[in-house]
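Structure first, commentary second.
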């Protein structure tokens with residue numbers, strides 16, 4: 001059976017990843033740049049490399065309340081090895097948690113294609129997209145946050161994207177959608193970190209299907225720290241939740 005791969009060639013005493021010898025990458029190329037290489041087949045420009053580093057850092061951690069952190073710490077409390085507990089957190093990453101980058105990037109990329117096809121301005125297509133989403137009762141992911149009214153990560157990422165001359169149609173569209181959402185709904189729904197990353201990776205030319213990858217690659221570092229803290233500073237099987245639980249099943253009965 002033949003198995004083709006363009007990722008890494010493995011031979012005795014010889015490793016080549018995306019055309020580069022691994023010993024040449026080690027110590028010479030920063031980790032975020034190597035991630036870019038793996039995803040795009042080429043090493044990044046200085047600007048894209050710096051942006052890549054910023055995106056991964058923006059995803060590292062958001063405290064103990066997200067599902068991934070809670071899952072990792074609960075499983076760690078059971079006495080399992082560190083990789084098992086981290087994996088539990090990874091398994092909780094999905095459409096509701098960590099998935100907004102993927103769906104947000106697809107929404108923006110489809111929106112820009114429609115804008116060019118229909119010969120609209122960014123502001124015009126933003127109004128159309130928000131109106132259509134509201135009529136379909138569909139939420140536009142990447143806007144609003146349960147904690148932040150102004151996500152500090154978004155501000156920094158957008159500022160850096162502008163400085164590095166990465167900002168393009170997708171970032172412009174996301175900002176116009178933010179304005180339209182407030183205009184059409186009467187609610188302020190600021191772009192969150194997921195929406196910012198979705199817009200930036202779209203302007204960097206990444207496939208929207210890699211959206212969850214950016215969150216995953218950054219968050220594993222934070223989950224590792226959460227698990228290590230749980231294993232070294234807390235007792236196993238500790239009480240983590242105080243939510244009351246009320247039984248509402250069938251009444252007590254005898255076996256017939």
Please work out the FRET efficiency for the pair residue 246 and residue 74, using the Cβ-Cβ distance as r and a Förster radius of 30 Å; give the result to the nearest 0.05. 0.90
Each label point is 7 Å from the Cα along the Cα-to-Cβ direction; what then is the distance between the points at residue 135 and residue 221, in nm? 4.4
Quick one: which of 168-176, 77-85, 136-144, 54-62 comes out on top by average Cβ neighbours within 10 Å, and what's the full order, highest first? 168-176, 54-62, 136-144, 77-85
Provide the gained length on full extension for the span residue 13 to residue 91, in nm with one decimal, where the gain is 0.36 nm per separating residue minus the Cα-Cα distance. 24.6 nm
Segment 65-123, Kirkwood Rh and Cα Rg, ratio Rg/Rh at 1.36
Residue 207 versus residue 20: modelled label distance in nm, points set 7 Å from Cα along the beta carbon direction: 2.1
Inter-part gap, Cα centre of segment 115-160 to Cα centre of segment 175-231, in whole angstrom, is 12
Taking only DSSP H segments of four or more residues, each worth -39500 (n - 2.57), what value at 222 nm results for the chain once the sum is divided by all its residues, to the nearest 500 deg cm²/dmol? -17500 deg cm²/dmol
Shape of segment 1-44, Cα gyration tensor, a/c cut at 1.5: oblate
Label-point separation in nm, residue 234 to residue 118, each point 7 Å along Cα→Cβ: 4.8
For Kirkwood radius over Cα pairs in Å, one of [x] 19.9; [y] 20.8; [z] 19.5 was computed from the structure I shared and the rest are decoys. Which label? [y]
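Every read-out reported here was derived from the displayed coordinates using simple, explicitly stated rules and does not represent laboratory data. Keep in mind that what you see is a predicted model, and the values were worked out from it rather than measured. With ideal geometry, Cβ positions are generated from the backbone for all residues, glycine too; neighbour counts draw on all protein chains shown.
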